[in-house]
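I have placed the structure first, in the form of structure tokens, so that the comments after it can refer back to it.
Every number here is computed from the coordinates shown, using simple stated rules; none is lab data. None of these values were measured; they are calculated from a predicted model. FYI the Cβ positions are ideal-geometry reconstructions off the backbone, even for glycines, and counts take in every protein chain you see.
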Amino acid sequence: MHYLRQGRGFYRSAIALMLPMILQNLVTNFMALADSFMVGALGETELAAVTMANSVFYVLSLIIFGIQSGTGVLVAQYYGKGRLDAINRIMGMGYYVSLGLTTLIALLAFFFPMQLMQLVTNNPDLWAPGAEYARIVGFSYVCMAFSGVYIAVQRSMENPRLGALLLTASGALNIVLNYMLIFGKWGAPAMGCAGAAVATLISRVFEVVVVLGCMLWGRRLPVKPDLMVRPGRIIAGDFIRYSLPVVLNEGMWSLAMSLFSIIMGHMPNSTPILAAYTIAGNIDRMAAVALFASGNTAAVIIGREIGCGDTEEVYGKGVALNFVCSVTGVVSMGILLVIRATLLDSFIFPLMDISAEAGDMAKMMLAFIAAIMPLRSLNLCNIVGVFRGGGDVRYALVCDVGPLYCICLPAAALCGLVFGLGIVAVYICISLDDVCKVFLCLPRLRSGKWVNSVTRENL
């Protein structure tokens, strides 16, 4: 218990970093929830179509997050050393990889949207509206990659407020444009699913404009284009070494989540199942914003401490951060249970044109999500925060995706597609993921093998 006695300054610093990240995550997920509500008002088919289209882009978004997280592993430790030149080089590598990948996917979605929809669902009713959405929204992810790398760098330099403020403004703009373009308000055409895609694209172009302004006139990180364009072999090698496992981690994890959607999309009665999965997932992400913020906070603190050379004290800080995240998980579970008990039938469901069957399924899913929330908080703290911040990215990869591919996905496919056991059995399989991860995370935390310096003196 003495590891928890870090002093008030430590906990105040952790909370000061966490709160802007909570706001950023809250706004981002509220934007997704607003999208779902407004698209859901068009009908269950439109909602399911957008869900299936986004299953592909969800993989892409988490790969982008992986690039940003991998970037953050290096940035946080070099920031602890005060090496702004190295940070510029790392940021340049982040842009090379993220912009190249997102541009490729955006072009594929633009030219082959129908093939994309046929790949993720065998329901022909979903192909046309999903394709209409996918061919536009793909380009928004190029913008998201550009702004996201810079926001991630600033967050790793203990400046999470930029991301919080920018995404708040972008989210507000997106909601207004959604209302205008989906339903044809204020003289705009009623574009339906395509309107949601256009609104997302415009709001992310706005983010790019603001980030460019910060790069040109910001004082916290003087941008040096020559270092960004030519990051050098050493930084490129270290970026691949520490970022590739994180990218693989997020890509494989998000692919697994999309595969769960595809399993559901091929089950009998797939339309209400997918509608319920979308509703439950969006509410889950709103309730769990603090969990992801606490994990990212842990990564910044652990990386900074190692970069400063404080390797002897960093283990105790890792344990203390686990305690903070555990409390966060319990609080988030309570919030989710309150939402499920009070807001679903009275407020959320009436906003959407969904069947009673889809509503009952969503309630079931949220019950499972609430039950595992404390375990998920611990896992996020260790995988996203402590292990990655400590440079232990390979073990984080194994810990995060091993249970998914070895246990949960095969079991879900068997239950849903082979034995026909229904959505309850499939969701039990999904929920096993966080139970398994705890038994991999805690022994590694106690071992202290996750403490690694990733910086170099000569670049």
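Give the residues of the stretch 429-459 whose amide nitrogen is closer than 16 Å to a point set 7 Å from the Cα of VAL319 in the direction of its Cβ. Counting backbone N atoms under 16 Å from the label point, the list is 442-451. Among MET31, MET144, MET180, the order by Cβ neighbours within 10 angstrom, fewest to most, reads MET180, MET31, MET144. For the chain, relative contact order (Cα pairs under 8 Å, six or more residues apart, normalised by length) works out to 24 percent. The charge dipole of the chain, taken about its Cα centre with unit charges on the Cβ of Lys, Arg, Asp and Glu (plus for the first two, minus for the last two), comes to roughly 1560 debye. Cβ-to-Cβ counts within 10 Å put TRP450, TRP186 in ascending order as TRP186, TRP450, the fewest first. Of the DSSP H helices in the chain, those with a Cα length along their own long axis of 30 Å or more and a mean Kyte-Doolittle hydropathy reaching 0.0 comprise 8-40, 44-81, 84-111, 161-183, 193-217, 233-265, 314-342, 356-380, 423-447.
Calculate for the chain the 222 nm mean residue ellipticity that helices alone would give, adding -39,500 (n - 2.57) per DSSP H run of length 4 or more and normalising by residue count, nearest 500 deg cm²/dmol. One gets -26500 deg cm²/dmol as the mean residue ellipticity at 222 nm. With the Cα gyration tensor of the stretch 248-358 giving a ≥ b ≥ c as the square roots of its eigenvalues, does the rule (a/c under 1.5 for rounded; else a/b larger than b/c for prolate; else oblate) give rounded, prolate or oblate? Note, shape of the stretch 248-358 comes out oblate.
A cysteine counts as unpartnered when no other cysteine's C-beta lies under 4.7 Å of its own; in the chain this applies to CYS143, CYS193, CYS214, CYS308, CYS399, CYS406, CYS408, CYS415, CYS429, CYS436, CYS441. Sorting 126-132, 48-54 by their mean Cβ neighbour count within 10 Å, with the most densely packed peptide first, gives 48-54, 126-132.
Dipole magnitude for the stretch 241-396: about 180 debye, using +1 per Lys or Arg Cβ and -1 per Asp or Glu Cβ, origin at the Cα centre.
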